[in-house]
Amino acid sequence: MNKAHPSILIVEDEEDLRASLVEVFSKEYHVLEASDGEEGLRLALEHTPDLVLTDLMMPRMDGFSLCQCLKEHQDTSHIPLIVITVRQDEETELRGLDLGVEDFVRKPFSVTILKARVRNILETRQRLLDNFQAVHLTSGENGIASDLKEGFAKESLMMIRARMCDPLFGVRELAESMDVSVRTLQMKLADMAGLSPKLLIRKLRLALAKQLLNDSDSSVTDVALSVGIPDLSYFGKCYRAEFGCSPTESLLKNKL
């Protein structure tokens, strides 16, 4: 999550309402907009926003179908979801909760309240991520997950570290090693860290790469291979996105 400018995807088929929401939220966030669920899904997969705000009743793909697709995809399963609806019945709310919806907003709604709900969800997710990163990116091996929910978090981090150099190790392999379904893995890590399993694996790989570039005489190529990212172009792109500089720049900086 970008602390300075978190991104929000607004999915709403009513043009006037969508324009109003975009205007309101663009003052504080980077806003993406879609007029239906299919377009919303495409944008979510392409940009991985920090939060999705979606209407329930829409053409082509409704809000619940969108939520289900987002929660089932490994790149978007961690994204918090808010559903806007005119429905008041318990069945609708229960279905949304089963799909992992974070919150419901009933039409007509207060923009002030909606902004507060969005802000609270994003701040909570950022605190989770900050805590998680502080523990597993800055602690030594003995300190991993000490301040997190014990058991699952610690074991998942250990499993990733044990197979870090294997480029074929991914979400499915982590789930199998943890003896859980991919869906369960996604839910648990989203709850603990606000991260998808795929992003967690990538962050741990990049954290180790940075450590190796800082503390060893290894080349960028050797480091990329040792953390399971053999594609040097992809490795450089991910490294820059995570740390704001290229692996080569990081290596040269630490040799000065």
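The values are calculated or read from the model by the stated rules, or taken from the named source; none is laboratory data. Predicted model, so just to flag it, every value in this text is computed and none were measured. All Cβ positions, even for glycine, are placed from backbone atoms using ideal geometry, and neighbour counts span all protein chains on display. Ligands, DNA and RNA are excluded from the accessible area calculation, which covers all protein heavy atoms including side chains. Shrake-Rupley method; radii C 1.70, N 1.55, O 1.52, S 1.80 Å.
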With θ taken as phi - 60° and the coefficients 6.51, -1.76 and 1.60, list the Karplus ³J(HN,Hα) couplings across region 29-37 in order, rounded to whole Hz; mark glycine and proline as x.
10, 7, 10, 10, 9, 9, 9, 7, x
Take each of the peptides 84-91, 99-106, average the number of other beta-carbon atoms within 10 Å over its residues, and list them starting from the highest.
99-106, 84-91
Subtracting the Cα-Cα distance from 0.36 nm times the residue separation, let me have the gained length for Leu17 to Glu91 in nm, one decimal.
24.1 nm
Fluctuation leader among Ala162, Ala153, Ala190 - the chain, Gaussian network, Cα springs under 10 angstrom
Ala162
Relative to the longest principal axis of the C-alpha atoms of the chain, give the angle of the C-alpha long axis of helix 63-72, reported between 0 and 90° and rounded to the nearest 10°.
10 degrees
Tell me, what HN-Hα J-couplings in whole Hz come from the Karplus equation 6.51 cos²θ - 1.76 cosθ + 1.60 at θ = phi - 60° for each residue of region 225-238, using x for Gly and Pro?
5, 6, 9, x, 10, x, 6, 5, 5, 5, 4, x, 5, 5
Rg/Rg_ref, the chain, where Rg_ref = 2.2 N^0.38 Å and atoms are Cα
1.09
Any chance you could give the angle, 0 to 90 degrees and rounded to 10, that helix 197-215 forms with the longest Cα principal axis of the chain?
30 degrees
Given a 1.4 angstrom probe, I'd like the percentage of the accessible area of region 1-49 that is carbon and sulfur, rounded to a whole number.
43 percent
Dipole size in debye (nearest 20) for region 9-94 around its Cα centre, Lys and Arg Cβ +1, Asp and Glu Cβ -1?
260 debye
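Give me the accessible area per residue for region 3-84, probe 1.4 Å, as a whole number in Å².
42 Å²
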For the chain, set up a GNM with springs between Cα atoms under 10 Å and report which of Arg161, Arg240, Arg172 has the largest fluctuation.
Arg240
So the FRET efficiency between Arg127 and Arg60, C-beta based with R0 = 25 Å and rounded to 0.05, is 0.10
Under 20 Å from Lys253, Cα to Cα: aspartates and glutamates that are on another chain or at least 8 residues apart:
Asp215, Asp217, Asp222, Glu242
